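Asker: The structure follows.
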Amino acid sequence: MPLAATVPPDLYAELEALPENLVGEIIDSELFTQPRPAAPHALAGSSLGADLYFAFGRGRGGPGGWWIIDEPELHLVRDSQVLVPDIAGWRCKRMPRLPKDRRFEVVPDWVCEILSPSTARKDRVIKMPVYARFGIAYLWLLDPIARTLETFALDAERWVVTGRFEGNDVVSVAPFAAVKLELTNLWVPEPETAAR
């Protein structure tokens, strides 16, 4: 497991003191903050999370056997390497019980980042390599503005593209290939569609 960089002892305290409207992360000894997401981002995350939760968390229309959690506080190194993906998933056999507090210290099997203009660069350039370094097996990047989904699998600490999807595609992709996901359900409807 990678060693943590030296982190100032008060950095996690700074993260905990952030106002409710900000999400904080500590990545390689630096505190990053961002506002809560805009509506297209929130809709995409809620819709994808719900689809996966029912099929993989509850076993309704899918195999079950997973925890699907929105915005978990991942402590890849306790209080010093703290990332908050938009959605993360753990196989229940790897994490039989949820933590008692907000610190998720078991590395997830899958993470999804929902891209926005203010976070896309950080998600791709800063967070993706950290997820690879800590051995997260699958990563998805969902862009609700461009209406795209990019999927990746880890191979020897490098991300390999497993799919690029867009618009109204219906996808079955690891680690959730047991169900078909309709991407059109993740996007804010076009005005003429919403009026019907």
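Every read-out reported here was derived from the displayed coordinates using simple, explicitly stated rules and does not represent laboratory data. Bear in mind that the values here come from a model prediction, so they are computed numbers and not experimental data. Positions of Cβ are backbone-derived with ideal geometry, glycine not excepted, and every protein chain shown enters the neighbour counts.
Asker: Could you tell me whether region 1-90 comes out rounded, prolate or oblate from its Cα gyration tensor? Rule is a ≥ b ≥ c as square roots of the eigenvalues, rounded for a/c under 1.5, then prolate if a/b exceeds b/c, otherwise oblate. Could you put the intermediate results ahead of the total?
Answerer: Working: a/c = 3.43, a/b = 1.67, b/c = 2.05.
In terms of gyration-tensor shape, oblate.
Asker: Still on this model: Sorting check: for 85-98, 128-141, which peptide has the highest mean count of neighbouring beta carbons within 10 Å, and how do the rest follow? It would help to have the intermediate numbers written out before the result.
Answerer: Working: 85-98: 17.4, 128-141: 19.3.
Final packing ranking: 128-141, 85-98.
Asker: With a point put 7 Å past each Cα toward its Cβ, work out how far Asn185 is from Glu71 in nm, to one decimal.
Answerer: It works out to 2.3 nm between the two label points.
Asker: OK, next. Under 15 Å between alpha carbons, and skipping anything fewer than 8 positions from Lys100 in its own chain: which aspartates and glutamates qualify?
Answerer: Hits, sequence-local ones excluded: Glu73.
Asker: When all alpha-carbon pairs of the chain are counted, what percent fall beyond 23 Å?
Answerer: On the way: 8302 of 19110 pairs.
So the portion of pairs separated by more than 23 Å is 43 percent.
Asker: Using unit Cβ charges (K, R positive; D, E negative) and no other charged atoms, how large, in debye to the nearest 20, is the dipole of the chain about its Cα centre?
Answerer: 680 debye
Asker: Given a Förster distance of 30 angstrom, what is the FRET efficiency for Arg94 paired with Glu30, based on the Cβ-Cβ distance and rounded to 0.05?
Answerer: Given R0 = 30 Å and the Cβ-Cβ separation, E is 0.55.
Asker: Within 10 Å, count the other beta carbons around each residue, average over each peptide in 104-114, 13-23, and list them highest first.
Answerer: Packing order, densest peptide first, comes out as 104-114, 13-23.
Asker: Helix 39-52 sits at what angle to the longest principal axis of the chain, using alpha carbons and giving 0 to 90 degrees rounded to 10?
Answerer: With both axes taken from Cα atoms, the answer is about 80 degrees.
Asker: Please work out the FRET efficiency for the pair Arg58 and Asp101, using the Cβ-Cβ distance as r and a Förster radius of 22 Å; give the result to the nearest 0.05.
Answerer: Rounded to the nearest 0.05, the efficiency is 0.35.
Asker: How much length would be gained if the chain were fully extended between Lys122 and Ala42, taking 0.36 nm per residue of separation minus their Cα-Cα distance, in nm to one decimal? Intermediate results must be reported in sequence, preceding the final value.
Answerer: Values: separation 80, 0.36 × 80 = 28.80 nm, distance 1.80 nm.
Additional length available on full extension: 27.0 nm.
Asker: Okay, moving on. For a quick check: sort Lys100, Lys180, Lys122 by the number of other beta carbons within 10 angstrom, fewest at the front.
Answerer: Ascending number of Cβ neighbours within 10 Å: Lys100, Lys180, Lys122.
Asker: Next up: Counting only DSSP beta bridges with both residues in region 38-194, tell me the antiparallel percent, nearest 5.
Answerer: DSSP beta bridges in region 38-194 are roughly 80 percent antiparallel.
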